[in-house]
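*Asks:* This structure is in structure tokens; I'll ask about it shortly.
The values are calculated or read from the model by the stated rules, or taken from the named source; none is laboratory data. As the structure is a computational prediction, the values presented were derived from the model and not from experiment. Methodologically, a virtual Cβ is constructed for each residue, glycine included, from the backbone with ideal geometry; neighbour enumeration extends over all protein chains shown. These accessible areas exclude ligands, DNA and RNA; they are computed on the full protein's heavy atoms, side chains included. Shrake-Rupley method; radii C 1.70, N 1.55, O 1.52, S 1.80 Å.
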Amino acid sequence: MAANKLTIRLTEDQQKQIHDATGKSITELNIDLGAMGQLSQKELDTVSGGVIAFEGKV
């Protein structure tokens, strides 16, 4: 089912950033949308690299 697969081709700059950070060469990301579940706000913050503060709490 190709409709459940998502391929993201990375730009040269994105590839360089990943290589500089990990030492690995990655040209594209393949995501199986059928295998994904819902992320909690905390999980989303973690994978996106950000932190959201609510009422002065992190």
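*Asks:* Considering only region 16-38, how many residues are open to solvent by 100 Å² or more (accessible area, probe 1.4 Å) and within 22 Å of LYS5 (Cβ to Cβ)?
*Replies:* Final tally of qualifying residues: 5.
*Asks:* What are the pairs with Cβ atoms under 9 angstrom where one residue, in region 1-25, is closer than 16 Å to ALA35 by Cα and the other, located anywhere, is modelled with pLDDT of 90 or more and open to solvent by less than 80 Å² (accessible area, probe 1.4 Å)? Sequence gap at least six, or different chains.
*Replies:* The qualifying pairs are THR7/GLU28.
*Asks:* Now for a different question. Mind checking whether some residue in region 4-23 is in contact with a Ser or Thr (Cβ under 9 Å, 6 or more places away or on another chain) and either at pLDDT below 65 or in a loop (DSSP other than H, G, I, E, B) (or both)?
*Replies:* Checking region 4-23: at least one residue is in contact with a Ser or Thr (Cβ under 9 Å, 6 or more places away or on another chain) and either at pLDDT below 65 or in a loop (DSSP other than H, G, I, E, B) (or both).
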